[in-house]
Structures are given as C-alpha cells and as structure tokens.
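Everything below concerns the one structure shown next.
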C-alpha cells in the first residue's frame with residue numbers, strides 16, 4: 001500500500017512540474033554560461049536608429065540613451081533538464097529495498113539510509129538592467145560606448161515531498177564514523193545547502209543548491225568604433241571594430257546555477273556590420289526601413305572555477321558518471337592510508353581552469369516603420385555562441401578515492417575500503433561487501449575528471465522583439481525620444497542525440513528607452 005502511495009505521489013508531483021518523463025537516465029552539465037546581459041543587439045538598436053544616424057549632418061553629433069529593463073526566465077523544466085536530465089528527482093537511502101535505479105542515494109547528502117522523497121526542480125533567473133549608452137559621430141565616422149548596470153538573481157527552487165525522513169534510523173556504526181551517526185538533515189532541499197558536517201564527513205562547500213543568490217555590477221563595457229561606406233536618405237552600410245572590457249563577476253561554482261553578471265570576465269574582440277535600406281515611403285510622412293546589425297566576437301582566455309564529474313566507461317565516457325561530484329570520497333595521506341576525512345567529491349573537483357570561446361554572433365533583422373514623430377520597430381534577434389574550450393584541470397594524485405557505500409572504519413581502526421565503480425544512484429547497503437574494491441584503495445586520477453561535464457556547450461537562441469516610441473524634433477532644443485518595448489526569447493534545441501541539447505535560457509522581458517540627441 002505504501003509503495004502504491006509513493007508511486008501516485010511521484011506522478012502527481014511530475015504533473016505539477018510539467019515533465020514528459022519521470023524515470024530517466026540522469027545527465028547534464030555542472031555549469032550554465034548564460035548570454036551576457038550586455039549582449040543584446042536588439043536593445044541596442046531600437047528607438048534611436050534615426051537619431052544616431054542623421055542624414056546630411058556635417059560635423060559632430062552625439063546621442064545619449066538609458067534603457068531600464070526587466071527580464072525573467074520561463075520553461076523552468078527545460079532549465080532543470082540542462083543540469084539533471086529531468087525536472088523530477090527521486091531520493092532514497094541505501095536501506096530502502098524498493099529504491100529505483102534512477103534514484104539519487106540519500107546517504108551521500110547526509111540523509112538517513114531509510115530516507116525517501118521526490119523533488120521537483122525549478123531553476124529561475126531574473127535580471128534588472130539599466131543600459132547607459134553614448135553614441136557620437138563626425139560625418140561618416142562614429143563611436144559608441146554602452147555600460148549595462150545589472151542586478152541578477154538566480155535560484156534552483158526545490159519543491160520536495162518527503163515520504164519518510166528516516167529520523168529513527170541513523171547511519172550504522174563504522175559507516176560514517178566509529179559510532180552510529182544521526183543524519184543531520186531530514187530533507188534533501190536542506191541537505192544540498194551544505195550547512196552541516198557529520199561523522200567524518202565535511203560539509204558541502206561547492207555546487208550548493210537552493211536559496212536565491214544575487215549579484216550586481218556592470219555587465220561589461222562595450223566599445224565600438226567604425227564608419228559608413230554609404231550613408232544617404234535611402235540607406236546606409238557600415239563596418240565597426242568592437243571591444244568588450246570585462247567588468248562583471250567571475251564564476252566560482254560555490255552554487256549550482258550561480259548568478260553571473262556579464263560574460264564571465266572574458267575580453268572580447270571582434271567586428272560588427274550595420275546597414276539599413278528604405279523599402280517604402282509615402283508623402284514624406286511615412287516610411288518603412290529594413291535594418292540589419294550583426295556582431296561577431298571572439299572570447300579570449302580567462303580563468304574561472306568549474307566543478308567536474310568523473311568520466312564514465314566505454315560509450316558513456318563523454319556523458320560521464322553524472323552527479324559523481326556529489327558522491328563521497330575518502331581522503332588519503334601520503335602513505336596511502338585513509339586520513340579519517342571524507343568529503344563530498346565536488347569539494348575536491350572544483351578547481352581553477354582556463355576557458356576560451358571561439359566565436360559569438362548576435363544578429364538583428366528589423367522592420368522600422370515611422371509615421372511623422374511615431375515609430376514602431378519589430379524584429380528578430382538570433383544569438384549563437386560556440387562551445388567552450390577548457391584547459392586540463394589539476395587534481396592531486398593518490399589523494400582521493402570513492403567511498404560509495406563502504407565503511408570509514410573497521411574493527412576499531414580507519415578503513416581503506418573504496419568503491420571505484422560507485423555512482424550517484426548508489427546501491428543497497430546489504431551489498432556492501434560485494435562492491436568493495438579488491439585491492440583497496442583505488443584512487444581517482446587526474447584523467448578521471450570529465451572535462452566535458454564542466455564545459456558550456458554550443459548555445460543559441462531566437463528572440464522576437466518590438467518597440468513603440470515617439471521622437472520630438474521641434475518641441476525641444478534637442479531631439480528627444482521615449483518608448484516602450486519588450487521581447488520573448490526561446491532557447492535553441494540541438495539534435496536529440498547530443499546531450500545536453502538545450503543550453504540557453506528562455507526568457508521574456510520589457511524595457512523603457514529614453515534619450516536625447518544634439519549636434
């Protein structure tokens with residue numbers, strides 16, 4: 001009867017989370033590199049493309065604009081699949097005989113061997129951006145600078161249904177320490193915050209999950225310098241050099257889905273193409289233009305901290321031993337003996353690496369309609385960034401080995417027993433003796449770290465945007481404009497045989513844009 005209740009509860013929670021499959025092979029990346037809040041060709045061009053490109057203007061001219069905006073992610077289940085391969089996780093202990101092969105082992109997280117729960121994962125990110133921009137020109141030459149002041153918040157929200165906290169079942173003697181150890185947590189959503197040590201096990205220090213986290217700063221400074229080969233009443237065509245100076249934060253992987261302001265501290269260098277052509281005009285009061293902007297950038301090498309899973313075997317080597325970073329590992333001394341310290345493996349596999357990105361393209365195709373002083377912009381923004389390239393992570397040899405469900409002590413002394421083929425799904429405690437490495441220990445080596453697990457894969461997105469505005473040409477000493485707009489952005493999907501195949505964020509947003517221009 002209890003088993004039936006658990007199954008019904010799992011399906012009910014799955015429907016709440018809008019998932020297509022419940023019991024799936026877990027997979028995913030350890031880090032998501034979002035599109036920088038400063039990279040937004042649509043926001044850059046709307047509302048002032050006429051004032052920054054005056055026709056027939058001789059000498060110097062310049063424009064200022066500020067664009068406050070709010071952005072929020074949606075399709076949280078697909079964000080969850082990026083990290084976990086699913087949005088519903090089963091958590092069961094090593095003494096739960098009915099546990100499934102896809103369940104995460106509760107023991108690794110400081111939860112009772114009798115613990116049982118189901119967790120719905122709902123990641124979300126919000127951004128508030130105030131983009132301050134300046135544009136200046138002289139005849140056919142121009143320069144621009146914009147600095148997006150940004151506040152960002154991210155959270156991996158965990159909705160948990162605990163069926164059995166296992167409070168009356170401690171860890172057996174010798175499993176986590178010489179004596180029995182009472183599990184420090186009674187729910188998974190608290191355990192992954194990493195607040196407690198227990199027995200010989202250190203607390204979780206990296207890859208923590210839950211609670212909202214915020215950052216604020218400038219999402220990099222974007223500098224453009226260029227000129228127009230053609231610029232007249234029927235259109236324009238120009239080329240620019242582009243430089244991005246990093247001013248945001250540097251990810252350190254203390255938290256899963258940590259907040260990132262900017263592009264991760266990369267220097268970017270590239271070029272941009274800009275053009276427009278008149279396609280329809282009537283009575284000198286109405287006109288319709290087609291505008292194209294395309295920015296191509298290279299990300300130079302920077303360093304960040306990334307967390308690594310372990311490799312798998314055979315055909316699963318690239319997919320890897322998913323979630324192995326959350327397993328427990330014994331730490332050994334120089335003599336090759338267990339030191340009496342056990343750690344969540346992620347504490348040891350979160351290390352500094354060098355990262356570079358070959359190319360990023362942000363392209364806008366827009367229709368701009370104007371009737372006297374009123375304008376409507378409607379367009380498409382396509383963004384794509386190639387996969388990251390990471391340097392080989394450094395990892396100490398002959399220092400760590402997987403604990404699995406093996407004991408940390410035996411017969412009153414520290415035990416060297418390890419379980420090198422352990423997975424995040426774990427095993428039944430009754431099979432402990434069958435799974436011990438012979439001989440033990442079997443150490444984790446540097447080349448056992450799965451570099452692919454920490455790389456952000458190829459990412460792209462599709463954005464539809466609009467902007468409605470008014471420009472004052474005569475009422476003010478300077479030209480002024482004010483408008484409102486918004487967008488909906490959908491994550492791109494790679495072929496299903498590539499995992500992870502969704503690596504960007506679906507989000508919607510709204511903005512106001514105001515500015516002045518004078519010469």
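The values are calculated or read from the model by the stated rules, or taken from the named source; none is laboratory data. Bear in mind the structure is a predicted one, so any value in this text is a computation, not a measurement. FYI the Cβ positions are ideal-geometry reconstructions off the backbone, even for glycines, and counts take in every protein chain you see.
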Inside region 199-250, the number of residues satisfying the requirement of being under 19 Å from residue 36 (Cβ atoms), outside any loop (DSSP other than H, G, I, E, B) and touching a residue at least 60 places away in the same chain (Cβ under 8 Å) is 12
Any chance region 446-461 includes a residue that's at pLDDT 95 or above, assigned to a strand (DSSP E or B), surrounded by fewer than 20 Cβ atoms within 10 Å (Cβ to Cβ) and more than 20 Å from the chain's Cα centre (by Cα)?
no
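Considering only residues of region 462-477 that are at pLDDT 95 or above and crowded, with 20+ Cβ neighbours inside 10 Å, which is nearest to residue 303 (Cα to Cα)? So that I can check it myself, show each step before the final result.
If we filter region 462-477 for residues that are at pLDDT 95 or above, which is where we start, we get 462-470.
Within this subset, residues satisfying the condition of being crowded, with 20+ Cβ neighbours inside 10 Å are 463, 465, 467, 469.
Working: 463: 30, 465: 34, 467: 38, 469: 42 Å.
Within region 462-477, the match that is nearest to residue 303 (Cα to Cα) is 463.
Which is farther than 24 Å from residue 344 by Cβ and either crowded, with 18+ Cβ neighbours inside 10 Å or within 30 Å of the chain's Cα centre (by Cα) (or both), of 418, 358, 409, 423? If you could, list the steps in order and put the result at the bottom.
Values: 418 fails: farther than 24 Å from residue 344 by Cβ; 409 fails: farther than 24 Å from residue 344 by Cβ; 423 fails: farther than 24 Å from residue 344 by Cβ.
One residue alone meets the criteria, 358.
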Can you name the residue in region 256-303 that is under 30 Å from residue 204 (Cα atoms) and without any contact (Cβ under 8 Å) to a residue 60 or more places away in the chain and, of all such residues, is surrounded by the most Cβ atoms within 10 Å (Cβ to Cβ)?
265
Taking residue 82 as meeting all but one of (1) at pLDDT 95 or above; (2) under 31 Å from the mean Cα position of the chain (by Cα), write down the number of the exception.
(1)
Looking only at region 70-108, and only at residues there that are in contact with a helix residue (DSSP H, G or I) (Cβ under 9 Å, 6 or more places away or on another chain) and part of a helix (DSSP H, G or I), the one that is surrounded by the most Cβ atoms within 10 Å (Cβ to Cβ):
106
